[in-house]
Amino acid sequence: MASDDEKIQPEEETPRQRRRFLTRRNSMTAIVLVVLLGLVVFLLTTVLYRYEVFDPYIKAQFVAKMSNIGIEFDAEVFRVTINPLTLELKNVTFNDKLTGEKLFFIRDAQLVMTVKDLYSWQLSRDI
C-alpha cells in the first residue's frame, strides 16, 4: 500500500477565463455590417425610385380608390416624386363607371401631397 506521501494528488485546475462577447473587434464588425446594410438599402431604394418602380403600385391604389367612388380613371402620365411629395398627371380622363360618360378631362396637373400620421398604429396606408 502507498503511504499518504506517495498518493497522487490531482493538479489544481486553473479557472478558465470566459471569452467576452462584446469586444472591440466584434463591435467594429457589427458597426461595419450595419453601415453596409444601410448603404445597400439606400442604394436599392434609390435605384427603384429612379426607375419608377413605385409608380405602378401607387397608380393601382389610386385607380382602385376611384373605382370605389364609381369613377373610371385613365392617365397618360402618372409620376410620383419624393421631395417634394407630388403627383404629376397628364392627359387624365375621368369617366362614370356605370354609364361611361366623360365627367372631366385634365391636361396637366401637379398635386402636392402630404403624409399624415406616418407612425400611427395602422398596418396599411391608403392613398
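The values are calculated or read from the model by the stated rules, or taken from the named source; none is laboratory data. These figures come from a predicted structure and were not determined experimentally. Note that each Cβ is placed from the backbone with ideal geometry, even for glycine, and that neighbours are counted across all protein chains shown. In case anyone asks, the SASA skips ligands and DNA or RNA and just uses the protein heavy atoms, side chains included. Shrake-Rupley method; radii C 1.70, N 1.55, O 1.52, S 1.80 Å.
Could you list, in sequence order, the residues of the stretch 102-111 that are surrounded by 10 or more Cβ atoms within 10 Å (Cβ to Cβ) and charged (D, E, K, R)? LYS102, ASP108, listed by residue number.
With respect to the conditions (1) loosely packed, with under 10 Cβ neighbours inside 10 Å; (2) in contact with a Ser or Thr (Cβ under 7 Å, 6 or more places away or on another chain), THR114 lacks only one, and its number is (2).
A Cβ distance below 8 Å, combined with a sequence gap of six or more or placement on separate chains, defines the contacts here; from the stretch 41-59, residues that are touching a residue at least 12 places away in the same chain (Cβ under 8 Å) reach residues that are open to solvent by 90 Å² or more (accessible area, probe 1.4 Å) and in a loop (DSSP other than H, G, I, E, B) in the pairs TYR49/ILE82. Here the stretch 73-101 is the region considered, the condition is being open to solvent by 100 Å² or more (accessible area, probe 1.4 Å) and in contact with a helix residue (DSSP H, G or I) (Cβ under 7 Å, 6 or more places away or on another chain), and the residue that is nearest to GLU52 (Cα to Cα) is ILE82. Restricting the stretch 16-55 to residues that are assigned to a loop (DSSP other than H, G, I, E, B) and open to solvent by 100 Å² or more (accessible area, probe 1.4 Å) leaves a set whose member that is farthest from LEU87 (Cα to Cα) is ARG16.
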